[in-house]
Amino acid sequence: MTQPRRILLIQGHPDAGAPHLCHALADAYAAGAAEGGHELRRVDVARLDFPLLRSAAEWEQGPLPPALEPVQHDIRWARHLVVVFPLWLGDMPALLKGFLEQIARPGFAFEDDGNGGFGKKGLSGRSARLIVTMGMPALVYRYYFRAHSLKSLERNVLGFVGIAPVDETLIGLVDRLDDAARAKWFARMRMLGRKAA
C-alpha cells in the first residue's frame, strides 16, 4: 500500500469559465488521491489575480502578488506536484508560464549563494507529474518534436528548483476522443491519484 502523501494539484488551463478535458482529468486524479488516502490541495491558475513580470528587477526584488502567497505555502507543504495543462502552440499556455515565473522567485525556489550562482535549490525533495493534453498525436509530439517544451519545463524550471523526478502523461488527439477513450483516461488518472504518482 502506498504511504499517504501531500499532493498539490495545479490546474493550468487558462479558461476557468467552462469545463474542459483538463478539468475532468484533474477531478479524476483528485478522486483517486482521496481513495488512496492522500492529502490533496488544489490551485486553479485561471482564478488567480496576478500580473505578468516585465523585468528581471521585478522578479528579483518586487513583491510577490498577494494571490500567490498561499500558493507558495501550498508548494512548500506538498511533496508531490501535479500540473495539468493543454499544449498551446507547442508550449504551456502563457498564463501558466507567467504563474511559474511569479512563483519561482529567489528566496523561495532557490537561494542565491552570493557568488553569482544560484546556490541551494529551494524545492528539493518533491516529485512532479505533468498531465498534458494536445490536438496532435502524443507520439508525434514526443518523438518528432522531441517534447521540447516539456523538456524545457522539466529541466529549466522544475529541475532548476530541485523538483525531481518528473513524470509525464501525454494525451493526444483530444478532439477525437470518444466517451470510451475519455473513460479510459479518467480511469488512468484515478489510478495515478491513488498511487500519488
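The residues of the range 62-108 that are more than 17 Å from the chain's Cα centre (by Cα) and farther than 17 Å from Gly122 by Cβ, listed by number, are Gly62, Pro63, Pro65, Pro66, Ala67, Leu89. When the residues of the range 89-136 are filtered to those that are within 30 Å of Trp185 (Cβ to Cβ), of a type in the set (Gly, Ala, Ser) and not in a helix (DSSP H, G or I), the one that is modelled with the lowest pLDDT is Gly90. Close Cβ contacts (under 8 Å, 6 or more residues apart or on different chains) running from residues in the range 184-197 that are at pLDDT 95 or above to residues that are basic (Lys, Arg) comprise Leu192/Arg129; Ala196/Arg5; Ala197/Arg129.
Please determine whether any residue of the range 49-65 is closer than 21 Å to Ser149 by Cα, in contact (Cβ under 8 Å) with a residue 60 or more places away in the chain and of a type in the set (A, V, I, L, M, F, W, C). So far as the range 49-65 goes, no, none of its residues is closer than 21 Å to Ser149 by Cα, in contact (Cβ under 8 Å) with a residue 60 or more places away in the chain and of a type in the set (A, V, I, L, M, F, W, C). Selection of first residues in the range 22-44 that are farther than 13 Å from Leu192 by Cα and of second residues that are surrounded by 15 or more Cβ atoms within 10 Å (Cβ to Cβ) and among the charged types (D, E, K, R), restricted to Cβ pairs under 7 Å at least 6 apart or on distinct chains, gives the following pairs, ordered by first then second residue: Glu39/Arg6; Arg41/Asp74; Val43/Asp74. Among the residues making up the range 28-78, those that are at pLDDT 95 or above, surrounded by fewer than 16 Cβ atoms within 10 Å (Cβ to Cβ), more than 15 Å from Gly98 (Cβ to Cβ) and not small (Gly, Ala, Ser) are Glu35, Glu39, Arg42, Pro63, Pro66, Glu69, Pro70, His73, Arg76, Trp77.
Taking the criterion of being hydrophobic (A, V, I, L, M, F, W, C), more than 18 Å from Gly172 (Cβ to Cβ) and surrounded by fewer than 18 Cβ atoms within 10 Å (Cβ to Cβ), the residues of the range 1-27 that qualify are Met1, Ala16, Ala18.
The values are calculated or read from the model by the stated rules, or taken from the named source; none is laboratory data. It should be emphasised that the depicted structure is a prediction, and the values quoted were computed from it without experimental measurement. In this analysis, Cβ positions are derived from the backbone assuming ideal geometry, glycine residues included, and neighbour counts consider all displayed protein chains.
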